[in-house]
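Working notes, beginning with the structure itself.
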Amino acid sequence: MFQEDMAGSPPSCPSAFAAPRLYPSVLAARLKMTSKEQRKQWEAEQKTLAALRVQEDLLDWSCEDGFPDLHRVAGVDVSFFADGTYAIATVVVLSFPQLKVLWERSAAFRLSVPYVPGFLAFREVPALAQLMDSVPCALKPQVVLVDGNGAFHPRGCGAATHLGITVDLPTIGVAKDVLKVGEVNSSLARRVSLTLAPGQWASLCEVAALFRPRMGKPLVVSPGHRISLETALQLTRAICGTSAPEPVRQADLRSRRAVKAWHAGQEVEYLSNPRLRHLERVQAVQELAEQGELRTSERVDVTRSKCKWQVKAPVVPQVEEDTRTWGSILFGWMCVCMSRDGQP
DNA sequence: GCGACAG
DNA sequence: ATCTTGTCGC
């Protein structure tokens, strides 16, 4: 049990949190604080949930041209206060294909768990799941895009998968950096990205692909829950703006805005104990699974899967002519420089 | 012992 | 994740 769970009341005054910024050291200290017992428990939960992951399309919308039955997509994100003890979780629901924001909710919560690579979900998903619960039925999203990984994870259970299973919605993981999973790492991804023109993608392994937006860093796309990698990629491409999928961009923008608003002294909604509520929820999911009420599926072991890095051109090219911008060209050049450093 | 490591 | 300015363009 983390001490923070005992803290009761919401923060009421920004000036009360003028704590010094100790990011690197605080992180290092907390990382060591995470006991081996805790890690084992987390790993066990991830394995249990990974076994419940539905890896094929289980959707209420069609994947055919233009996704005719898809009307609402959601994005989620978390932004942090400078003192590292509070954060704001945001859920946004957008219309499809217009990609206009239909609904938003942002709320502050106390961070009760450190960030440990491979265990992001335990830090961010409880608050996000609680917010997802409050989405009005009429606005319930048909798919959720998560900042992070889905099945592309050492135990097949990244934050997108964790969230998808606990709220029982299709999810897609979109990560800005490459988590090391088996043979896949950032240097492999860098080599693959050099072969990618804007708008193209290439697979990294069975459950992850690298997608190059028109501008900016390539994204790691992996299915979270109730969706295939193919469909996840297809949809991500369809809703990707210039550098990121619109739902995650909106969630990012709005959660940061909420942090700034907080700093400016505005009242912000507060979630009391997302982690404790989430523990009960996960338990409920596991019990349902034991009773056979939940569908289970075979887990793909990323670690043992071979890398297929053949480049595949997009079905519908997003960039017809050479409309590459300065930033895009500069990025390509930086990639070349970085790969030179990386090569013997 | 040191480095790696989604957000 | 967070720390950060000016600047160019619509």
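The values are calculated or read from the model by the stated rules, or taken from the named source; none is laboratory data. Model, not experiment: these values are computed from the prediction. Positions of Cβ are backbone-derived with ideal geometry, glycine not excepted, and every protein chain shown enters the neighbour counts. Ligands, DNA and RNA are excluded from the accessible area calculation, which covers all protein heavy atoms including side chains. Shrake-Rupley method; radii C 1.70, N 1.55, O 1.52, S 1.80 Å.
What the table shows:
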quantity: Filter pass, A:LEU111 being among the aliphatic types (A, V, I, L, M), open to solvent by 10 Å² or more (accessible area, probe 1.4 Å) and either within 16 Å of DNA strand C (Cβ to nearest atom) or within 9 Å of the chain's Cα centre (by Cα) (or both); calculated: no
quantity: Any hit, region A:128-136, residues being in contact (Cβ under 8 Å) with a residue 40 or more places away in the chain and within 16 Å of DNA strand C (Cβ to nearest atom); calculated: yes
quantity: Residue count, region A:254-263 (criterion: within 11 Å of DNA strand C (Cβ to nearest atom), modelled with pLDDT of 90 or more and surrounded by fewer than 19 Cβ atoms within 10 Å (Cβ to Cβ)); calculated: 3
quantity: Helices (runs of 4 or more DSSP H) contained in region A:117-198 and holding at least 2 residues open to solvent by 20 Å² or more (accessible area, probe 1.4 Å); calculated: A:120-133, A:186-194
quantity: Considering residues of region A:264-273 that are among the polar types (S, T, N, Q) and touching a residue at least 24 places away in the same chain (Cβ under 8 Å) only, the residue surrounded by the most Cβ atoms within 10 Å (Cβ to Cβ); calculated: A:ASN273
quantity: Search result, residues across region A:199-211 that are in a loop (DSSP other than H, G, I, E, B), farther than 16 Å from A:ALA151 by Cβ and open to solvent by less than 10 Å² (accessible area, probe 1.4 Å); calculated: A:GLY199
quantity: Qualifying residue in region A:233-240 (condition: in a strand (DSSP E or B) and of a type outside the set (D, E, K, R)); calculated: yes
quantity: Condition check for A:ARG72: closer than 29 Å to A:GLN250 by Cβ, in contact with a Pro (Cβ under 7 Å, 6 or more places away or on another chain) and either at pLDDT 95 or above or not small (Gly, Ala, Ser) (or both); calculated: yes
quantity: Members of region A:33-89 found to be open to solvent by less than 20 Å² (accessible area, probe 1.4 Å) and among the β-branched types (Val, Ile, Thr), listed by number; calculated: A:THR34, A:VAL54, A:VAL73, A:VAL76, A:VAL78, A:ILE88
quantity: Lone unmet requirement of (1) within 12 Å of DNA strand B (Cβ to nearest atom); (2) outside any helix (DSSP H, G or I) for A:TRP103; calculated: (1)
quantity: Residue in region A:244-252 that is more than 16 Å from DNA strand C (Cβ to nearest atom), open to solvent by less than 20 Å² (accessible area, probe 1.4 Å), under 29 Å from A:GLU43 (Cβ atoms) and modelled with pLDDT of 95 or more present; calculated: no
quantity: Pairs where the first residue, in region A:275-293, is under 16 Å from A:VAL113 (Cβ atoms) and the second is aliphatic (A, V, I, L, M) and open to solvent by less than 100 Å² (accessible area, probe 1.4 Å), C-beta under 8 Å, 6+ apart; calculated: A:ARG275/A:VAL113; A:HIS278/A:VAL125; A:HIS278/A:ALA129; A:ARG281/A:ALA129; A:VAL282/A:LEU49
quantity: Failed item in (1) over 26 Å from A:GLU206 (Cα atoms); (2) among the charged types (D, E, K, R); (3) at pLDDT 95 or above, with A:ARG226 passing the rest; calculated: (1)
quantity: Count - residues of region A:40-55 that are closer than 17 Å to A:VAL167 by Cα and not basic (Lys, Arg); calculated: 9
quantity: From A:PRO20, A:PRO24, residue being at pLDDT below 90, within 16 Å of DNA strand C (Cβ to nearest atom) and in a helix (DSSP H, G or I); calculated: A:PRO24
quantity: A:ARG226 vs. criteria under 18 Å from the mean Cα position of the chain (by Cα) and open to solvent by 40 Å² or more (accessible area, probe 1.4 Å); calculated: yes
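Residues checked against (1) within 14 Å of DNA strand B (Cβ to nearest atom); (2) within 23 Å of A:PRO274 (Cα to Cα); (3) in contact (Cβ under 8 Å) with a residue 12 or more places away in the chain:
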site: A:LEU163; (1), (2), (3): yes, yes, yes
site: A:LEU169; (1), (2), (3): no, yes, yes
site: A:ASP177; (1), (2), (3): yes, no, yes
site: A:ARG249; (1), (2), (3): yes, no, yes
site: A:TRP262; (1), (2), (3): no, yes, yes
